[in-house]
Amino acid sequence: MMERKRYRDFADFLGSRFDGKVQKISLHAGFTCPNRDGTIGVGGCTYCNNQTFSPDYCHTGKSITCQIDEGIAFFARKYPDMRYLAYFQAYTNTYGELEELKRKYEEALAHPGVVGIIIGTRPDCMPDDLLAYLAELSHRTFVLVEYGVESTCDETLRRINRGHDFAASADAIRRTAAAGVLVGAHLILGLPGETRAQMLDHARRMSQLPLDTLKLHQLQLIRHTRMAREYEERPQDFHLYAVDEYIDLAIDFAELLSPRIAIERFVSQSPASLLIAPNWGLKNHEFTARLLRRMRERDTWQGRLCEEGV
């Protein structure tokens with residue numbers, strides 16, 4: 001008997017849209033962030049150090065085409081038939097003049113190995129004219145907009161200097177879905193001040209939104225961030241999860257999350273040179289195998305306790 005699928009993963013999501021395997025290639029397109037340049041705030045989010053998610057080939061000094069070429073060269077050695085999604089990841093990738101944004105997106109899509117784009121951004125940076133362009137673009141290629149939500153608690157968002165409230169995230173997600181564009185979100189579990197009950201309520205609130213994908217990751221303390229300094233000054237304000245404790249939290253979260261939302265990941269890996277804590281010593285696939293083993297032990301699955309109202 002085939003084992004029950006325990007959660008809807010990103011491979012399921014992509015498999016419903018592509019024949020064959022596709023791989024994301026992270027890009028640094030030279031954008032900044034309105035929470036850094038003074039438009040919304042200064043200093044950025046307290047946890048943020050963009051070096052934590054930039055691979056070696058992803059560098060602002062290189063053209064988008066060059067970054068894609070190097071990304072494909074990196075992956076193609078193992079997967080010669082792979083196709084690729086251009087992932088505009090670093091900083092706020094909808095923050096610029098419309099024509100400049102279009103030029104960068106179209107440069108990526110013009111690459112012969114690229115079959116779509118993913119755009120990481122803030123929920124307060126999706127103007128109507130850009131959304132209209134992305135809606136048109138989605139008729140001819142794969143487009144997924146990924147919003148950094150981080151928390152559904154406004155008090156937490158203020159504490160981490162996010163620069164927007166949860167209502168802004170909910171509005172952006174609804175507007176994007178209504179335009180016919182695929183939409184994802186990102187949440188951090190374990191932000192300072194949040195209780196376990198509040199973190200689980202994130203799952204209930206996100207399930208009420210027309211989301212296609214969701215990324216989760218554990219709070220990580222990263223060098224050269226304001227949050228790292230806060231931890232040094234007031235470590236009692238932080239609860240850094242042990243791996244098995246976090247696995248049970250992530251499973252409890254998944255039980256409450258709508259089964260129609262693909263969970264792209266449960267954890268993130270930051271470079272060892274930048275990571276302060278927690279250091280679990282696990283690669284993402286090792287963590288996922290451990291989580292699935294625990295789900296089998298608990299005989300549970302995504303959406304088991306979900307009461308969806310969308």
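Readers should treat all values here as calculations from the given coordinates under stated rules, not as data from a laboratory. Treat the numbers as computed from the prediction; the structure is a model and nothing was measured. Glycine gets a Cβ as well: all are built from the backbone with ideal geometry, and neighbour counts include every protein chain shown.
Each helix, a run of at least 4 DSSP H residues, gives -39500 (n - 2.57); summed and divided by the residues of the chain, these come to -10500 deg cm²/dmol at 222 nm.
Screening the chain for whole DSSP H helices of 15 Å or more along their axis (Cα) with average Kyte-Doolittle hydropathy at least -1.0 returns 64-76, 166-178, 243-256.
Exposure proxy check: His139, His202 ranked by fewest other beta carbons within 10 Å?
His139, His202
What separates the Cα centres of the stretch 214-277 and the stretch 116-161 is a distance of 21 Å. Provide, for q = 0.07 Å⁻¹, the log10 of I(q)/I(0) from a solvent-free Debye sum over equal Cα point scatterers in the chain. The computed values of log10 I(q)/I(0) come out as -0.26.
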